[in-house]
Amino acid sequence: YLTFTNFEVTHLGGLADYTGYNCTANLLPVSNGYGFYLIDSTFVTISNSYFHELGYWQNAEPVNFTGVGLGGFGIYTFGAANLTITGNEFTRMEKPIRISPGNPGSLHSATNVVISNNNLHNFLRWLIELSTTANNATLQDISIFNNILHDTTEYTSGVWVGCNAASGFPHVDGIILGVSNLTGRTYGSPTHPIRIYSNSFYQNATYGSNTA
């Protein structure tokens with residue numbers, strides 16, 4: 001049983017100085033930053049913590065989402081049982097919360113997961129992601145509720161001004177169920193559902209778009 005509370009997690013990954021890097025001849029190196037990187041975790045609670053400025057997060061050249069990626073992750077979890085993520089704030093990173101059982105690890109499931117009462121805002125790409133990274137992986141008994149997801153237009157069409165802005169942009173999704181060509185996956189069931197409810201989505205910006 002592990003509980004992490006009242007942490008500030010920042011300035012992991014990325015670079016402090018972009019001098020000499022550009023969008024063509026000298027791309028930024030891969031430099032991911034992780035707040036928590038959990039494999040086969042059981043009975044873990046992460047609460048009341050502040051995650052910010054992880055990986056490359058700026059909407060400016062030479063940040064390049066197509067080549068190197070943004071690479072900032074707040075809580076990146078593979079297999080998990082009895083995981084609670086509650087009361088945290090996330091800003092300025094690519095993916096605040098990712099639950100993705102499969103590889104690495106031996107626990108190819110995520111069960112009894114609660115994601116609640118978190119504040120996710122500004123300079124975020126995929127805010128809460130559920131996905132799998134191996135065949136025959138399972139997501140079940142997951143509850144996502146009372147989260148606030150807001151003001152996340154910085155990586156959207158017409159707003160993104162980092163590398164390759166003329167040909168694309170990172171795009172933003174609020175709560176995403178990642179579907180790939182992996183087989184044998186289980187995404188909830190009538191008796192062990194994935195429940196998403198009572199979350200708030202809003203944007204104060206007058207320009208830019210994304211999906212809930």
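The values are calculated or read from the model by the stated rules, or taken from the named source; none is laboratory data. It should be emphasised that the depicted structure is a prediction, and the values quoted were computed from it without experimental measurement. FYI the Cβ positions are ideal-geometry reconstructions off the backbone, even for glycines, and counts take in every protein chain you see. Only protein heavy atoms, including side chains, enter the accessible area calculation; ligands, DNA and RNA are left aside. Shrake-Rupley method; radii C 1.70, N 1.55, O 1.52, S 1.80 Å.
Listing for the model above:
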item	result
Extension gain, GLU61 back to THR186 (0.36 nm per residue minus Cα-Cα distance, nm)	41.0 nm
Within the accessible area of the chain (1.4 Å probe), percent carbon and sulfur	51 percent
The chain: relative contact order as a whole-number percent, Cα under 8 Å and 6+ apart	18 percent
Gain in span if fully extended, ALA25 to PHE145, counting 0.36 nm per residue against the direct Cα distance	38.7 nm
Local electrostatic count, GLY162, Cβ distance below 13 Å [Lys/Arg +1, Asp/Glu -1]	-2
With all protein chains modelled, accessible area of TRP57 [1.4 Å, Å²]	40 Å²
Probe 1.4 Å, protein heavy atoms only - accessible area per residue of the range 120-166 in square angstrom	29 Å²
Of ALA80, ALA60, ALA16, farthest towards positive along the dipole that unit charges on Lys, Arg, Asp, Glu beta carbons give the range 1-96	ALA80
Two-site label geometry, GLU8 and SER167: point separation in nm, points 7 Å out along Cα→Cβ	4.0 nm
Net lengthening on full extension, LEU177/ASN103 (0.36 nm per residue, minus Cα-Cα)	24.9 nm
Distance between the range 93-130 and the range 64-78 - C-alpha centres, whole angstrom	12 Å
Cα-centred dipole magnitude for the range 81-212, charges only on beta-carbon of K, R (+1) and D, E (-1), debye, nearest 20	200 debye
